[in-house]
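Report on the structure given below.
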Amino acid sequence: MAFSPGKATSKNLFWAYLSFISTKLLNFVAVIIIARYVDPVEFGLMAICLAIMGYFEIISKFGLGAALISVKDRQEETANAVFFCAIFTSTLMALLLWWGSGAIAGLFESPELEPLLGTVCLVLVIRALGSVHYSLLFRELNLRKKLVPDVAQGLAKGLISIALAILGYGVWSLVIGYVAGALVSTLLLFWIRPWKPSALPDWPTVRYVMSFGSYLIGAETINATPRLLDNLLVGKFLGPAALGIYAIAYRIPELAIKSFTSVAGTVLHPVMSKMQTHPEDLAKYYYQALRYCALLMFGIGAAIAVLAEPTVHVLYNEKWYGMVAPMQFIAAALAVSTLNMVPGELLKAVSRTDLMFRAALFNLPIFILLLAGAIPFGITAVAAAQLAMAFIRFIPIYLATKRVMNVTIAKIFAALRPALVCAASASLAAFLALQMHTGSELLRLMAGAAAFAAVYLVALRLMLPGAFAAGHRFILKRRRA
């Protein structure tokens with residue numbers, strides 16, 4: 001049977017997003033409950049741990065999973081090399097983090113960080129053990145099987161963290177839940193996608209996977225900086241309490257937007273990899289992916305931004321109200337990041353991670369300057385810097401994409417036009433609904449959300465009637481299934 005990129009994308013995107021959103025939704029509900037027992041300072045300490053872990057995790061992964069997904073042949077030999085290299089790099093990074101935890105705690109003037117970092121570093125090795133199993137599910141476009149380990153991870157993490165928070169364990173409830181969730185997920189991956197190394201890797205294959213990842217980790221480390229370095233600097237200069245509010249402000253945009261872009265990227269990469277020998281089909285698919293990802297992400301980002309105030313007032317108590325404005329900027333920034341996610345997956349698919357690295361290297365000093373200028377003005381200014389950087393990052397990634405495919409600004413804008421019109425018109429409708437409604441915050445939220453959804457769907461029906469009908473058929477098909 002001939003490979004159908006559209007069918008492969010829609011089917012696997014559905015299962016990947018269902019899996020990812022289930023995990024994030026469980027985590028989101030858990031955080032709302034935990035926030036009533038854990039203070040912003042303790043959330044801030046955990047955010048520092050996760051930001052530091054973010055850098056160590058990128059390096060420990062070394063782009064090895066992407067190498068296994070992209071390789072054209074010698075799958076078993078590559079899987080063996082990926083497994084042993086992943087164990088080596090992850091163990092090394094875990095030991096470095098454990099060894100440096102005291103110095104990091106001193107840097108942030110928070111001695112509590114040392115045992116926290118010494119515990120969370122275990123996750124690096126735990127995830128490395130299942131790295132091949134995880135990557136094979138994506139290579140085989142069999143993402144339905146990811147649902148069980150992902151949901152189990154969310155349940156284990158959430159339930160353990162909630163129980164410990166209620167018992168008064170504070171930040172340790174977050175740390176122990178984090179480690180437990182990773183362990184449960186890895187154990188279930190062994191069962192869902194059985195695999196074990198068949199031989200020691202040969203040197204040429206090791207050299208291939210390491211060279212593939214060398215540019216990728218550079219690009220991913222720099223691209224992750226807007227999400228990780230801001231946490232570290234906010235925690236250092238504005239304090240853990242401010243960081244706790246800033247980190248929670250990320251939760252809803254991350255759940256609704258970042259989760260989709262992450263999942264979409266993991267699906268687009270293997271689909272585009274299978275099309276790399278057919279450049280005309282790949283170009284057509286590229287613009288379609290950009291159009292439909294923008295339709296979803298611009299709409300969700302706009303909805304979160306315009307409905308941020310009543311949402312926060314309904315879900316959280318007064319100590320968290322300072323996150324409204326940062327949430328609005330973060331939602332917009334993550335929505336705009338769609339412009340950078342789709343071309344990034346294209347570059348990975350055609351094995352041009354060197355271009356990703358160069359584009360990311362161009363962005364790094366700009367972001368550091370933006371962030372340094374924003375920090376003295378508080379977390380809202382830091383969030384605004386994220387939005388500015390999302391637009392700036394488009395320039396080098398666009399130029400890099402032109403090196404491998406004949407993309408044009410005109411075609412990109414044509415692909416984005418429906419999303420821009422739908423999001424703008426729906427945002428205006430929701431804003432007016434909020435201004436006219438003077439009832440409780442819950443009723444204001446419901447009125448604004450209803451106005452946004454109604455106008456967005458009408459605009460979508462007018463702008464892209466074919467897409468509207470296809471989406472309706474897809475939903476009906478899934479409901480019958």
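The values are calculated or read from the model by the stated rules, or taken from the named source; none is laboratory data. Computed from a predicted structure; not experimentally measured. Reconstructed Cβ throughout: ideal geometry from the backbone, glycine too, with neighbour counts over all protein chains shown. Keep in mind that these areas ignore ligands, DNA and RNA; they rest on the heavy atoms of the full protein, side chains included. Shrake-Rupley method; radii C 1.70, N 1.55, O 1.52, S 1.80 Å.
Express the carbon and sulfur contribution to the solvent-accessible surface of region 262-404 as a percent, rounded to the nearest whole number, probe 1.4 angstrom. Let's see the in-between values first.
On the way: 3500 of 5280 Å².
Answer for region 262-404: carbon and sulfur cover 66 percent of the accessible area.
Rolling a 1.4 Å sphere over the protein heavy atoms, what is the accessible area per residue of region 319-393, to the nearest Å²?
On the way: 2580 Å² over 75 residues.
The answer is 34 Å² per residue.
For region 360-401, what log10 I(q)/I(0) values come out of the Debye formula at q = 0.24, 0.26, 0.28 1/Å, with one point per alpha carbon and no solvent?
Rounded to two decimals, the profile gives -0.75, -0.83, -0.91.
Each residue of region 345-350 in order: what ³J(HN,Hα) in whole Hz does its phi give by Karplus 6.51 cos²θ - 1.76 cosθ + 1.60, θ = phi - 60°, with x for Gly and Pro?
Values per residue, Gly and Pro as x: 5, 4, 5, 5, 5, 9 Hz.
Which whole-Hz couplings ³J(HN,Hα) result when phi for each residue of region 361-371 is put into the Karplus expression 6.51 cos²θ - 1.76 cosθ + 1.60, θ = phi - 60°, listed in order with x for Gly and Pro?
Here the 3J(HN,Hα) series is 4, 5, 6, 4, x, 5, 5, 4, 5, 4, 5 Hz.
Distance check, please: which entries in LYS146/LYS236; LYS146/LYS196; LYS236/LYS348; LYS258/LYS348 exceed 27 angstrom between their Cα atoms?
Details: LYS146/LYS236 37 Å; LYS146/LYS196 18 Å; LYS236/LYS348 34 Å; LYS258/LYS348 19 Å.
Too far apart for the 27 Å limit: LYS146/LYS236; LYS236/LYS348.
Just the number, please: carbon plus sulfur as a percent of the accessible area of region 85-173, 1.4 Å probe, no ligands or DNA/RNA counted. Could the numbers behind the result be given before it?
On the way: 2820 of 3970 Å².
The computed percentage sits at 71.
If you count only protein heavy atoms and use a 1.4 Å probe, how large is the accessible surface of LYS146, to the nearest 10 Å²?
Its accessible surface works out to 10 Å², give or take rounding.
Which ³J(HN,Hα) values in Hz, rounded to whole numbers, follow from the phi angles of region 437-450 under the Karplus curve 6.51 cos²θ - 1.76 cosθ + 1.60, where θ = phi - 60° and Gly and Pro get x?
8, 10, x, 5, 5, 5, 5, 4, 4, 5, 5, x, 5, 5
Taking the convex hull of the alpha carbon atoms in region 66-169, what volume per residue do you get, in Å³?
109 Å³
Rounded to whole Å and sorted largest first, list the principal axis extents of the Cα atoms in region 378-451.
Projected onto its principal axes, the Cα set of region 378-451 covers 55, 34, 13 Å.
Keeping all protein chains in position, work out how much accessible area PHE362 exposes to a 1.4 Å probe, and write it in Å² to the nearest 10.
Here the accessible area works out near 110 Å².
Given a 1.4 Å probe and the protein chains all in place, what does the accessible area of LEU442 round to, in Å² to the nearest 10?
Spelled out: LEU442, probe radius 1.4 Å, area about 90 Å².
When the Debye formula is applied to the Cα atoms of region 332-384, each taken as the same point scatterer, what base-10 log of I(q)/I(0) results at q = 0.17, 0.22, 0.27 Å⁻¹?
Normalising to I(0) and taking log10 leaves -0.67, -0.89, -1.03.
Please work out the Cα convex hull volume for region 241-317 and give it in Å³ per residue.
For region 241-317, the hull spanned by Cα atoms encloses 92 Å³ per residue.
For the peptides 196-207, 157-168, what is the packing order when you average, over each peptide's residues, the other Cβ atoms within 10 Å and list the highest mean first?
Packing order, densest peptide first, comes out as 157-168, 196-207.
Can you pull a Stokes-Einstein diffusion coefficient for region 262-358 at 25 °C (0.890 mPa s), Rh from Kirkwood over Cα pairs, as a whole number of µm²/s?
The calculation lands on 162 µm²/s.
Hey, what's region 115-200 come to in accessible area per residue, 1.4 Å probe, Å²?
Using a 1.4 Å probe on heavy atoms only, each residue of region 115-200 averages 43 Å².
Over region 291-346, what lengths in whole Å, largest first, do the semi-axes of the equivalent ellipsoid take, defined as the square roots of 5 times the eigenvalues of the alpha-carbon gyration tensor?
Working through the eigenvalues yields semi-axes of 27, 11, 7 Å.
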